[in-house]
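Student: Supplied in structure tokens, the structure appears directly below.
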Amino acid sequence: MKKLFFILSAAALLALCGCVKQPTYSDIPHIDLKSISKTLVTLPAGGPTTDTVQVTLSFTDGDGDIGIPENTLDTSCANCLCTDHSTDNHVIANSAWDIFYYSYASGFPDSCISIPGIGTKYIPVSSKYSALQGDITFSLSVECPGTGTVDTLRYSFFIKDRSGHLSNRVLSPPIIVDCN
């Protein structure tokens with residue numbers, strides 16, 4: 001009798017584990033700004049002229065095609081000026097990049113000087129569970145802007161999946177750069 005009870009209990013437990021429902025998300029990626037390592041960057045005169053700010057984005061993607069295709073990782077973005085945003089589509093269409101951001105300095109209505117692309121590791125699509133959620137963490141280089149000794153920067157982030165779907169855009173809090 002004890003054996004039968006044990007076998008039925010184990011079978012019931014396995015049946016419950018097999019019924020775990022896969023989360024459903026839109027096939028269009030969605031991001032949230034989870035964290036930013038600092039909102040005050042101090043770069044003293046005569047000292048280092050750059051510092052880094054670490055950014056973490058949370059994402060969801062229903063079809064799980066996040067990450068650039070294998071063997072195409074390229075973290076450079078030469079000649080990607082977007083002052084007039086004429087090259088944005090070319091940069092966004094590049095399969096070697098899947099995280100994009102605009103940088104804005106205070107006092108300039110459209111101070112985006114480039115739309116850099118960052119490539120993330122390829123995540124294979126699972127045949128059993130395609131929906132994905134997770135975090136992406138990367139570092140941005142912050143330098144003294146040419147507008148004076150103290151300035152405020154903001155960043156607008158978005159990602160692209162391998163199907164070409166663009167996520168929503170999220171805006172960072174103001175980052176004060178003090179270059180005294």
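The values are calculated or read from the model by the stated rules, or taken from the named source; none is laboratory data. Since this is a predicted model, take the numbers as computed values, not measurements. Positions of Cβ are generated from backbone atoms using ideal geometry, with glycine treated the same way; all protein chains shown enter the neighbour counts.
Student: Filter the range 129-163 for residues that are touching a residue at least 40 places away in the same chain (Cβ under 8 Å), of a type in the set (Gly, Ala, Ser) and outside any strand (DSSP E or B) and give the result.
Tutor: Hits for the range 129-163 are Ser130, Ala131, Ser163.
Listed here are the residues, each with its yes/no results for (1) surrounded by fewer than 14 Cβ atoms within 10 Å (Cβ to Cβ); (2) more than 13 Å from the chain's Cα centre (by Cα); (3) modelled with pLDDT of 80 or more.
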site	(1), (2), (3)
Thr49	yes, yes, no
Ile66	no, no, yes
Leu73	no, yes, no
Cys77	no, yes, no
Asn94	no, yes, no
Ile99	no, no, yes
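Student: I'd like the full set of residues that are part of a strand (DSSP E or B) and surrounded by fewer than 19 Cβ atoms within 10 Å (Cβ to Cβ), limited to the range 54-64.
Tutor: Correct list: Gln54, Thr56, Ser58.
Student: Same structure again: Is it true that some residue in the range 122-129 is surrounded by 19 or more Cβ atoms within 10 Å (Cβ to Cβ) and either at pLDDT 75 or above or closer than 30 Å to Leu43 by Cα (or both)?
Tutor: No: the range 122-129 contains no residue that is surrounded by 19 or more Cβ atoms within 10 Å (Cβ to Cβ) and either at pLDDT 75 or above or closer than 30 Å to Leu43 by Cα (or both).
Student: Follow-up question, since we're still on this one. Going by the conditions given, is Thr24 within 30 Å of Arg154 (Cβ to Cβ), at pLDDT 60 or above, under 27 Å from the mean Cα position of the chain (by Cα) and among the polar types (S, T, N, Q)?
Tutor: No, not satisfied.
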